[in-house]
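The values are calculated or read from the model by the stated rules, or taken from the named source; none is laboratory data. Given the structure is predicted, the values throughout are model-derived calculations rather than measurements. Here the Cβ is made from the backbone with ideal geometry for all residues, glycine too, and neighbour counts use every protein chain on show.
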Amino acid sequence: MRETGAMTTALPPDLARLDDEVGRLLADSVPAGRLGVAFSGGVDSGLLLALAVRHLGAARVVAVIGVSPSLAADELTAARAVAAAIGAPVVEVATHEGDNPLYRANGPDRCFHCKDELFTRISDEVAGVHGLTAVAYGENADDARRPDRPGSRAATNHAVLRPLADAGLSKTDVRALARALGLPNADKPAAPCLASRIPHFSQVDPEKLRQVESAEREVRALGFPDCRVRHHGEVARIELPEGEIARAMEHDTRIALQQAGIQAGFRFVAVDVAGIQSGAFTLPLVEVTNG
């Protein structure tokens, strides 16, 4: 048994093996000093933070949250709560990826520029002050195999650790281990940054991010916690899990969704019958480029 925050949890053998492997990687990579965990509040970085506290101890771990207009206020609040539940101290660092014209241009490499900014800020503003000897982020083994993850290149450039991927944890493994440890975000839907809702080559700007954040907040309030609002100029395209689309088409709900988009500043509102589509903007461009 090891501690995760105030909890002591015994794991079933299959999950204990993964836990031990991540623990071994952390111990080998951070033999002294403190580890900074790039933390978004999602299940991947949440599990990494919990395992770091579990194996290194809370005194040797710092959760680092990058704060910018691309992070929804609700996500920041939730991330603080998860870190508190795990028992990890939090450092919030302002990131300025929006000042970078290459980020604003919103090519398929946008995530590279965002992660490069975050890891640079951690090195320049956090590492020395908080005694960090290493930084890690929550890439899992499934993400490591995807071609649409340019942020991984930024991690490599900054020598950022990826213990979950190196230990072979899939998305399913991450969820299972997070549930076994009782993490409050174990079943949290994936929540990529707000900029991911803007089609590539359509410029990222604070007003578009505000519109997306506002619309998604209202869609979630209508009982759709797993949602995306894609920004297509005057059109808000709402993506929901396939099993939720029929409910979205009920008269009162449909009118409420329309109002959510209009109040956020869109002229038209559509519900995409294809459901949620992870990587739909980036994958076709990456495949063409690499093909």
Helices (runs of 4 or more DSSP H) wholly in the stretch 1-114 with at least 3 residues that are touching a strand residue (DSSP E or B) at 6+ places or on another chain (Cβ under 9 Å) - which ones?
13-29, 43-56, 73-86
Of the residues in the stretch 135-166, how many are outside any helix (DSSP H, G or I), surrounded by fewer than 20 Cβ atoms within 10 Å (Cβ to Cβ) and at pLDDT 95 or above?
2
Is it true that ARG110 is surrounded by 15 or more Cβ atoms within 10 Å (Cβ to Cβ), of a type in the set (D, E, K, R) and over 17 Å from the mean Cα position of the chain (by Cα)?
no
List the number of the failed condition for GLY131; all other conditions in (1) assigned by TED's automatic domain parsing to the domain that holds ALA52; (2) at negative phi; (3) at pLDDT 95 or above hold.
(2)
Among (1) closer than 30 Å to PRO13 by Cβ; (2) touching a Cys at 6+ places or on another chain (Cβ under 6 Å), which single condition is VAL174 missing?
(2)
Return yes when PRO241 is modelled with pLDDT under 95 and closer than 27 Å to ASP44 by Cβ and no when it is not.
no
Close pairs (6 angstrom Cβ cut-off, 6 or more residues apart or separate chains): in contact (Cβ under 8 Å) with a residue 60 or more places away in the chain in the stretch 269-282, of a type in the set (A, V, I, L, M) and surrounded by 16 or more Cβ atoms within 10 Å (Cβ to Cβ) anywhere
none
In the stretch 221-238, which residues are within 18 Å of ASP74 (Cβ to Cβ), under 18 Å from the mean Cα position of the chain (by Cα) and surrounded by 18 or more Cβ atoms within 10 Å (Cβ to Cβ)?
CYS227, ARG228, VAL229
Within the bounds of the stretch 207-220, is there any residue that is buried (at least 19 other Cβ atoms within 10 Å of the Cβ) and in a loop (DSSP other than H, G, I, E, B)?
no
Provide a single number: the residues in the stretch 239-276 that are in a loop (DSSP other than H, G, I, E, B) and exposed (fewer than 13 other Cβ atoms within 10 Å of the Cβ).
5
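Suppose we filter the stretch 174-206 for residues that are farther than 30 Å from ARG17 by Cα and either assigned to a loop (DSSP other than H, G, I, E, B) or touching a helix residue (DSSP H, G or I) at 6+ places or on another chain (Cβ under 6 Å) (or both); how many remain?
Narrowing the stretch 174-206 to residues farther than 30 Å from ARG17 by Cα: 193-206.
Still in the list and also either assigned to a loop (DSSP other than H, G, I, E, B) or touching a helix residue (DSSP H, G or I) at 6+ places or on another chain (Cβ under 6 Å) (or both): 193-194, 197-205.
Residues in the stretch 174-206 being farther than 30 Å from ARG17 by Cα and either assigned to a loop (DSSP other than H, G, I, E, B) or touching a helix residue (DSSP H, G or I) at 6+ places or on another chain (Cβ under 6 Å) (or both): 11 in total.
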Pick from ALA79, ALA84: which is loosely packed, with under 15 Cβ neighbours inside 10 Å and either of a type in the set (A, V, I, L, M, F, W, C) or within 15 Å of the chain's Cα centre (by Cα) (or both)?
ALA84
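The rows are residues; the columns are (1) more than 13 Å from the chain's Cα centre (by Cα); (2) among the charged types (D, E, K, R).
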{"site": "ALA165", "(1), (2)": "yes, no"}
{"site": "LEU169", "(1), (2)": "yes, no"}
{"site": "LEU183", "(1), (2)": "yes, no"}
{"site": "ASP187", "(1), (2)": "yes, yes"}
{"site": "CYS193", "(1), (2)": "no, no"}
{"site": "VAL204", "(1), (2)": "yes, no"}
Are any of the residues in the stretch 53-74 surrounded by fewer than 24 Cβ atoms within 10 Å (Cβ to Cβ), in contact (Cβ under 8 Å) with a residue 12 or more places away in the chain and among the hydroxyl-bearing types (Ser, Thr, Tyr)?
yes
Which residue pairs have Cβ atoms under 6 Å apart, sit 6 or more places apart or on different chains, and have a first residue in the stretch 202-225 that is farther than 14 Å from LEU257 by Cβ and a second that is among the β-branched types (Val, Ile, Thr)?
VAL204/ILE198; LYS208/ILE198; VAL212/VAL229
